[in-house]
Amino acid sequence: MIFKRRDKRLTLGRLKEYFLPKKGWKRALEYIVHRLKRIPDSPHKISVGVSMGIFASFTPLYGLHFLLAGVLAYIFNGNILAAIIGTFILNPVTWPVITSISVNLGQVIMGRSLSDFETFLDQFVGIGKSILLGLGSVLSGTSPDWSRPENFWNEIFLPYLIGGTILGLLAGLISYFICRPVIYAYKIARKKKKFKRVTRTKKIERNSLNEQY
């Protein structure tokens, strides 16, 4: 094949690069911040968008974070692109931390016993298999067993939803007050730099005309 890779990458190598990109997470974070600063919108709208994206990332609605962030940004008059970028706070590095703290906080509020991250992971994997088996039972005409999804809802999802909502609101609020002055200062500095460049160009052109006459 014309576009086939010459070097076959191992699955382990792909997994390592997923968690530790070649350019590093620091480089990725710098790029995200750079993109946020250059969005053509007011610092307030950009910051609102970022806070909505961060809030969405704390919810257990995997696969819907982009959509939820965009809808919330639209409702609260924030920048939708900034909201989508804000969801990247949830990544392979932060996901175990955010998930564990959110679920444990919800379990404390609900008076449930605390679970560790391995339990969360087993529950998430198990619920997927249970749903597929249940759907298969429905299609085959047999009675499905929905006991595991019900336990997952009560023990993991509901605590995650409660704890994630609280932490998401807090993280979103903090991010707004951090992002707004930073983006504002960047845009002011960029305008000053542009003004100086334009002024310098006009001065050069004016001197050139004077020399001609």
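The values are calculated or read from the model by the stated rules, or taken from the named source; none is laboratory data. Keep in mind that what you see is a predicted model, and the values were worked out from it rather than measured. When we count neighbours, we look across all protein chains shown, and the Cβ atoms used for this are built from the backbone with ideal geometry, even at glycine. Accessible surface areas use protein heavy atoms only, side chains included; no ligands, DNA or RNA. Shrake-Rupley method; radii C 1.70, N 1.55, O 1.52, S 1.80 Å.
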Looking at the stretch 11-116, what helices (runs of 4 or more DSSP H) fall wholly within it and have at least 1 residues that are modelled with pLDDT under 85 and over 15 Å from residue 169 (Cβ atoms)?
-> 11-19, 24-37
Checked the stretch 148-176 for anything touching a residue at least 40 places away in the same chain (Cβ under 8 Å) and open to solvent by 70 Å² or more (accessible area, probe 1.4 Å); matches are 155, 166, 169, 173
